[in-house]
Ligand code: ADP
Ligand code: MG
């Protein structure tokens, strides 16, 4: 089905074709006609399913066709997204799709000077894409005029909740005109998201695209059992394999990310970092170089990498194993996208065993252990005794009947599996209950960058 069939203006459909899209994705097919009809919409679909165009295209349509002398040069559409990188990415999309229209687009995010943003707002701009923090700063200084606003979008609403932006979202939405169209997009539908829907949207149409099953089915995953001491050498060893040509490495901390990058760089591997201690221009440059392929390895922290869309990542390396199963799923969602066949590699030290077992329960499958050929771990301290794989045991946590081909022996008993990280994922399901339960949520709010 061509884009025109959704009711899109030929100028917009043309730009979309020029972007290389031949047909709309499922979320676009379902959401665009509803948005065009003026409905409030809540769109739920996994990362990488094309949610951006699902709201940007109908917004452009509204702005290009219903423009009048009275509402020129004022903010008519506002998109809120959780991180600067996402704002920049959405802006790139908007500019691409709006290239045959005459619209002004401005971005508002922290880490760069306020002046140019204030000037852009003052000069009048139809579309504003913003992070909540800086937008509120500018609202408080009186630089933001929402009086002509027609459409508001909360993108990655689940992430914004995770990052503690609920109060900020409330403040912003409260300042918007009551008469407006509101859209919310999220990778998952949770109780909290539903509450937000009731609060921010009216008579919303829910567009939900079936869960992209299990990320485990799209991405080949491996675990390397290792030790803290041997990790860096193991990573360098694995990078000798040239098929690891575009590698996203996750570090738990910014400091750790810098350390990894220094070591890789001194081993002659082109490496950049992405974390919140880096300046905005450094972060943009790092992403750009990684996308362009001039940087082979990008070392990132979870928050910095959130929602980032980079085509053609060949491998994701969990250098530090994520304590939260959902983080793992988000991380490996960066690879294995539609066209790319991605591998996810996780380093697991003895300290990570409990988390690995929780993850395997969460994704309802075991992850094969792999041994790095030709890598002498003993040079970096003896490996811990061989680990045991997860298998469905625990009568307290019943699971669906799924053969686990990797299970070999009984898991060791662990009373301390998840010390401070909220509840265990609920058995069997997609773990949604666990994803959105109270304690974990409370834990996340402290992780605001
Ligand atoms: P999401 O917001 O759901 O995570 P994005 O909007 O970032 O997804 O889109 C993911 C990728 O898919 C982007 O690289 C985007 O350019 C691409 N894309 C979006 N719509 C289409 C389409 N209709 N056909 C092909 N590629 C698309
Ligand atoms: Mg998105």
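Evaluated on the range 3-209, the Kirkwood hydrodynamic radius is 16.9 Å, with distances taken between all distinct Cα atoms. Across the alpha-carbon atoms of the range 146-289, the computed radius of gyration and Dmax are 21.1, 59 angstrom. Considering all C-alpha pairs of the range 82-127, those separated by over 14 Å amount to 52%. Using a simple spin-label model with pseudo-atoms 7 Å out from Cα toward Cβ, residue 137 and residue 198 lie 3.5 nm apart. Sorting 109-119, 51-61 by average packing, meaning the other beta carbons within 10 Å per residue, from highest down gives 51-61, 109-119. Each of residue 255 and residue 123 was given a label point 7 Å from its Cα along the Cα-to-Cβ line. The distance between the two points is 4.3 nm.
Label-to-label distance for residue 267 and residue 92 is 2.8 nm, based on points extended 7 Å past Cα in the beta-carbon direction.
Each peptide in 30-41, 281-292 gets a packing score, the mean of other Cβ atoms within 10 Å over its residues, and the list from highest to lowest is 30-41, 281-292.
Most exposed first by the Cβ proxy, i.e. fewest other Cβ within 10 Å, how do 243, 49, 273, 220 rank? Please list the in-between numbers first.
Numbers: 243 7, 49 20, 273 26, 220 16.
In order of increasing Cβ crowding within 10 Å: 243, 220, 49, 273.
The convex hull around the C-alpha trace of the range 28-107, projected and averaged over every direction, spans 5.7 square nanometres. Highest average first, the peptides 231-242, 139-150 ordered by how many other beta carbon atoms sit within 10 Å of their residues are 231-242, 139-150. Based on alpha carbons, the Rg and Dmax found for the range 219-388 are 15.1, 45 Å.
Here, each number is a calculation from the coordinates, and none is a lab measurement. Worth saying up front: this structure is predicted, and the values here are computed from it rather than measured. All Cβ positions, glycine included, derive from the backbone under ideal geometry; neighbour counts span all protein chains shown.
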